[in-house]
Protein chains: 2
Amino acid sequence: MSARKIRLLLLSILPVVSVLGAEPTPKKSPTMAEVLATSKPADWRMLDPENTIYLELTNGRVVIELAPAFAANHVANIKALVREHYFDGLAFLRSQDNYVVQWGDPDAEKPDKKRKILVAKATLPPEFDRALDSKLPFTRLPDGDVYAREVGFSEGLPVARDPKSKKMWLVHCYGMVGAGRDNPPDSGGGTELYVVIGQAPRHLDRNVTLVGRVVQGMELLSSMPRGTAAMGFYDKPEQRTPIKVIRVAADVPVEERSKLEVLRTDTPTFQALIESRRNRREEWFHFQAGNIELCNVPIPVREKR
Amino acid sequence: MSARKIRLLLLSILPVVSVLGAEPTPKKSPTMAEVLATSKPADWRMLDPENTIYLELTNGRVVIELAPAFAANHVANIKALVREHYFDGLAFLRSQDNYVVQWGDPDAEKPDKKRKILVAKATLPPEFDRALDSKLPFTRLPDGDVYAREVGFSEGLPVARDPKSKKMWLVHCYGMVGAGRDNPPDSGGGTELYVVIGQAPRHLDRNVTLVGRVVQGMELLSSMPRGTAAMGFYDKPEQRTPIKVIRVAADVPVEERSKLEVLRTDTPTFQALIESRRNRREEWFHFQAGNIELCNVPIPVREKR
């Protein structure tokens, strides 16, 4: 499919047949299943083991892809925390409905009991946004956004851009991972991390440093019982979900790694996927939205064949 | 607070102090907590027991407000199903991450085993949208929407309107309840109902009849273990969450009813609440979004005092 046809697909909010009227045989645009079935190996990428962490729970593994292009210092610090085993044996302390789950040290406020940090940093300056770099791949969505001038995907992550202020930043979609903080902007650093489990809390954009995205295992986080204390914190220690261990994938023996591929977001295939979700061709649909919101675009993941 | 000031608050995406510069003492707009603390009794409404149903699970009650103004026939049919005890002893069959939970008859496809319907209807014509009625209260949001020309709230429900086609319809925000159907538009009717538990699946708008909204107990639904079969259906019967009983609140002894009040959505107080969420004044926030998306506006509920 040529670049021009893809662009037409994306700009159109009418059924594609009417836009592509010059085609000899007008045909429907493909469904997502069809897009994926005809994808090429080069449409997929392996996760970089040096920027992937495994969060091991008693009932399974959560795979998180880190975002060094957007939060280089936080990512480096989280890897340092992981490698000094800071998180091992800690727990999920908070599960707030339609918002976030959060893990960290239950004794963080107790000077004599709290987990010691060896070489990593306890806090860091914020990385709420970064300079807009037009060399970073960016697949822009055509339908606008309530919160930002431009939105789209960069290297598998939901991103907003503002050409006026020349800034770009990660967006709080479902599954995004951020560094909790207190009131001062520089009070976070990665020792407490949260994951979005509900409607995208876009008011958090540029207020917290986002550090990555869950690519597998979200259901283990989103189905945790909700905490009943303020902000979804658990009342009792036994309600918390323990963390067995967190590891950088590169430190895990190759045969124990999750063999996952993620669909690239800088390809005609991904553009076709976006179109397949803007106008749903599956037989069940009677009304086609014609538009799509950033956080409704799926980023497919599969086991490496 | 005058209507004009409210309008200014809503139209502004700048801090309010600069817009209301003529004020003798420029002051910050209130936080949501402050808006609620100063609300009057008339800002709240009791649920109508005739249009409220209680879904009783083994671990608690889910309270659903029905939407007769938008789906009169489905609401009447669901109440008829409830009153003939159609749902009692059925179960949640499906829990799909970041999407929906769904309940119904596990044996619906087995002619000899399926639950009998006595007086209610098995299926109904769809109520995907309705004629735009400008007499229905409508608090319009000022920041636009990716999917619809106008969005806002009507009687506590998220609503989209299209002045061109003169239609209005309910929107798939978190907690909305809809009538599952097969491919034909008239194959639903209320025997299978689903609840949104993730990012608002707006592509479903106008494709399914929405019938109401969960006003209390969402956390009991959203934290159900996810099903591992296709579309989040459970593989094994024992994984399902059983439904003890569903009742119309009006049929429940008064002393057993949930004494809930919902914030009205057609008042200056609700407008102030919207503004408090567009520009977060809590000390934690360093960047104010200036805008809000329909499904990010909370609709407060409280125990009747």
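Filtered by the rule that a residue be surrounded by fewer than 18 Cβ atoms within 10 Å (Cβ to Cβ) and either in contact with a Leu (Cβ under 7 Å, 6 or more places away or on another chain) or of a type in the set (A, V, I, L, M) (or both), the stretch B:276-300 gives a lone residue, B:Pro300.
Do we have any residue at all in the stretch A:273-284 that's at the interface with chain B (Cβ under 8 Å from one of its Cβ atoms), out of contact with any Ser or Thr (no Cβ under 6 Å at 6 or more places or on another chain) and hydrophobic (A, V, I, L, M, F, W, C)? Yes, the stretch A:273-284 contains at least one residue that is at the interface with chain B (Cβ under 8 Å from one of its Cβ atoms), out of contact with any Ser or Thr (no Cβ under 6 Å at 6 or more places or on another chain) and hydrophobic (A, V, I, L, M, F, W, C). Of the residues in the stretch A:56-92, how many are of a type in the set (A, V, I, L, M) and under 15 Å from the mean Cα position of the chain (by Cα)? The qualifying residues number 8.
Go through the stretch A:173-188 and give me each residue that's under 18 Å from the mean Cα position of the chain (by Cα) and small (Gly, Ala, Ser).
A:Gly175, A:Gly178, A:Ala179, A:Gly180
Considering only residues in the stretch B:235-260 that are among the charged types (D, E, K, R) and farther than 22 Å from B:Gln216 by Cβ, the one that is surrounded by the fewest Cβ atoms within 10 Å (Cβ to Cβ) turns out to be B:Glu238.
Tallying residues that are assigned to a helix (DSSP H, G or I) and loosely packed, with under 15 Cβ neighbours inside 10 Å within the stretch A:35-46 yields 3. Tally time: how many residues in the stretch B:180-206 are outside any loop (DSSP other than H, G, I, E, B) and either farther than 17 Å from B:Phe70 by Cβ or of a type outside the set (Phe, Trp, Tyr) (or both)? The qualifying residues number 9. The C-beta contact set for the stretch B:133-145 (first residue modelled with pLDDT of 95 or more, second residue among the polar types (S, T, N, Q), distance under 7 angstrom, 6+ apart or interchain) comprises B:Leu136/B:Ser154; B:Pro137/B:Ser154; B:Phe138/B:Ser154; B:Thr139/B:Thr265; B:Thr139/B:Gln271; B:Asp143/B:Asn291.
Within the stretch A:53-99, the set of residues being of a type in the set (S, T, N, Q) and either crowded, with 23+ Cβ neighbours inside 10 Å or closer than 29 Å to A:Ala229 by Cβ (or both) comprises A:Thr58, A:Asn59, A:Asn77, A:Ser95, A:Gln96, A:Asn98.
Regarding A:Thr38, is this residue more than 30 Å from A:Phe128 (Cα to Cα), at pLDDT 95 or above and of a type in the set (Val, Ile, Thr)? Yes. Test of understanding: among B:Leu204, B:Leu273, B:Leu263, B:Leu221, which residue is among the hydrophobic types (A, V, I, L, M, F, W, C), crowded, with 16+ Cβ neighbours inside 10 Å, touching a His at 6+ places or on another chain (Cβ under 6 Å) and in contact (Cβ under 8 Å) with a residue 12 or more places away in the chain? Of B:Leu204, B:Leu273, B:Leu263, B:Leu221, the one residue that is among the hydrophobic types (A, V, I, L, M, F, W, C), crowded, with 16+ Cβ neighbours inside 10 Å, touching a His at 6+ places or on another chain (Cβ under 6 Å) and in contact (Cβ under 8 Å) with a residue 12 or more places away in the chain is B:Leu204. How many of the residues making up the stretch A:141-179 are touching a Lys or Arg at 6+ places or on another chain (Cβ under 8 Å) and loosely packed, with under 15 Cβ neighbours inside 10 Å? Here the count works out to 3.
Do any strands (runs of 3 or more DSSP E) entirely within the stretch B:207-305 hold 1 or more residues that are charged (D, E, K, R) and in contact with a Lys or Arg (Cβ under 9 Å, 6 or more places away or on another chain), and if so, which?
Counting at least 1 such residues, we get B:245-248, B:260-263, B:301-303.
The residue list B:Pro237, B:Pro225, B:Pro268 contains one member that is more than 27 Å from B:Val159 (Cβ to Cβ) and more than 11 Å from every other protein chain (Cβ to nearest Cβ), which is B:Pro237.
Do we find a residue being surrounded by fewer than 18 Cβ atoms within 10 Å (Cβ to Cβ), without any contact (Cβ under 8 Å) to a residue 24 or more places away in the chain and away from chain A (no Cβ under 11 Å) anywhere in the stretch B:180-193? Checking the stretch B:180-193: not a single residue is surrounded by fewer than 18 Cβ atoms within 10 Å (Cβ to Cβ), without any contact (Cβ under 8 Å) to a residue 24 or more places away in the chain and away from chain A (no Cβ under 11 Å).
As a summary of the residue check, A:Val215 satisfies the conditions (1) facing chain B (nearest Cβ under 10 Å); (2) touching a residue at least 24 places away in the same chain (Cβ under 8 Å) except for the one numbered (1). Do we find that A:Val16 is among the β-branched types (Val, Ile, Thr) and at pLDDT 50 or above in this structure? Judged against the criteria, A:Val16 is not a match.
The values are calculated or read from the model by the stated rules, or taken from the named source; none is laboratory data. Computed from a predicted structure; not experimentally measured. We place every Cβ from the backbone using ideal geometry, glycine too, and count neighbours over all the protein chains shown.
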